[in-house]
Each structure stands twice: as C-alpha cells, then as structure tokens.
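J.: Dropping a structure here in structure tokens format, bear with me for questions.
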Amino acid sequence: MVSKDDFVPGFVPKHTHGSVDYTGIADGHVHQCLDVVSPAIPTQDGSHVHHTEGYVVFEDGHTHFYRATSGPAIPVGNGMHVHYYDFYTTIDDGHRHRVHGVDQPAPGNE
Ligand SMILES: [Fe+2]
Ligand SMILES: [Fe+2]
C-alpha cells in the first residue's frame with residue numbers, strides 16, 4: 001500500500017491539485033481563488049498539464065470567471081510535483097484581476 005507520504009516515482013494518472021490563493025489587487029480589492037483543477041492531461045513531451053475554470057469568491061459585490069491551463073509538472077522533491085499558473089479573470093465591474101503562483105503538491109515526480 002502506498003500512503004500519502006511515500007515517494008511516488010513517475011506519473012500518477014488522473015491526479016488533481018488544489019490551490020488556495022488570492023488574486024492581485026484591482027479596483028482596490030482582491031478575491032480569494034479556491035480551486036481544484038481537472039485530472040492530469042498528458043502532453044507530447046511526457047509531462048502533463050491541468051485545465052481549470054470557475055469563479056473567484058464573491059467579494060466587493062461581484063465575482064469574476066476564469067478559465068486557464070497550467071504549465072508542465074515541476075518536481076519539488078519527495079515524489080511530488082506542482083504546476084505554475086498565470087492568468088487573468090474576466091472583466092466584471094469594470095476591472096479584472098491577475099492570478100499567478102503554484103498549486104498544492106500532488107503525488108508523482110513528473
Ligand atoms: Fe499535476
Ligand atoms: Fe474584482
């Protein structure tokens with residue numbers, strides 16, 4: 001049996017990642033962006049990416065939609081990897097927000 005903390009070499013099919021982040025400031029406020037990405041999508045070069053879409057948390061009287069694809073897997077040691085993401089939300093209430101960072105580590109080192 002493989003537990004959550006055991007080293008996992010290679011690619012783990014169908015895994016997802018969570019993320020807890022804030023958008024950048026626009027129009028004097030931020031939104032929380034609480035996300036779970038799609039299951040892993042293998043790429044030609046042997047890595048994988050994840051798609052995601054959803055709404056940032058309703059704050060300052062409005063929300064924003066987003067749809068994005070992550071970068072490739074980045075190994076972070078101990079059999080885990082993360083992905084970088086960088087995207088803009090839709091324009092609502094006359095402004096948009098940038099969201100960028102890395103998601104939570106998931107099993108597999110590629
Ligand atoms: Fe991944
Ligand atoms: Fe906003």
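No lab work stands behind these numbers, since they all come straight from the coordinates. If you're wondering where the values come from, they're calculated on a predicted model, not measured in any experiment. Note: ideal-geometry Cβ built from the backbone for every residue, glycine included; neighbour counts use all protein chains shown.
J.: Find which of His31, Val8, Ala68 sits farthest along the positive direction of the dipole of the chain, computed with +1 on the beta-carbon of Lys and Arg, -1 on that of Asp and Glu, about the Cα centre.
T.: Val8
J.: Something else: In nm, what is the difference between 0.36 nm times the number of residues separating Arg67 and Gln44 and their Cα-Cα distance?
T.: Working: separation 23, 0.36 × 23 = 8.28 nm, distance 2.19 nm.
Stretched fully, the Arg67-Gln44 segment lengthens by 6.1 nm.
J.: Another question, if that's okay. Cα convex hull of segment 21-107: how many Å³ per residue? All intermediate terms of the calculation are to be shown ahead of the outcome.
T.: Numbers: hull volume 7.3 nm³, N = 87.
Output value, Cα hull per residue: 84 Å³.
J.: Right, another one. Please give the charge dipole size of the chain, origin at the Cα centre, charges +1 on K and R Cβ atoms and -1 on D and E Cβ atoms. Round to the nearest 20 debye. Please list the in-between numbers first.
T.: Details: 5 positive and 14 negative charges, 54 e Å.
Dipole magnitude for the chain comes out near 260 debye.
J.: Quick one: Karplus J couplings for segment 9-19, per residue in order, coefficients 6.51, -1.76, 1.60, θ = phi - 60°, nearest Hz, x for Gly and Pro?
T.: x, x, 9, 9, x, 6, 5, 10, 10, x, 8
J.: Let's test the formula: R0 of 35 Å, r as the Cβ-Cβ distance of Asp93 and Thr16. What FRET efficiency results, to the nearest 0.05? Spell out each step's value before the answer.
T.: Details: r = 30 Å, r/R0 = 0.86.
Efficiency, from the Cβ-Cβ distance: 0.70.
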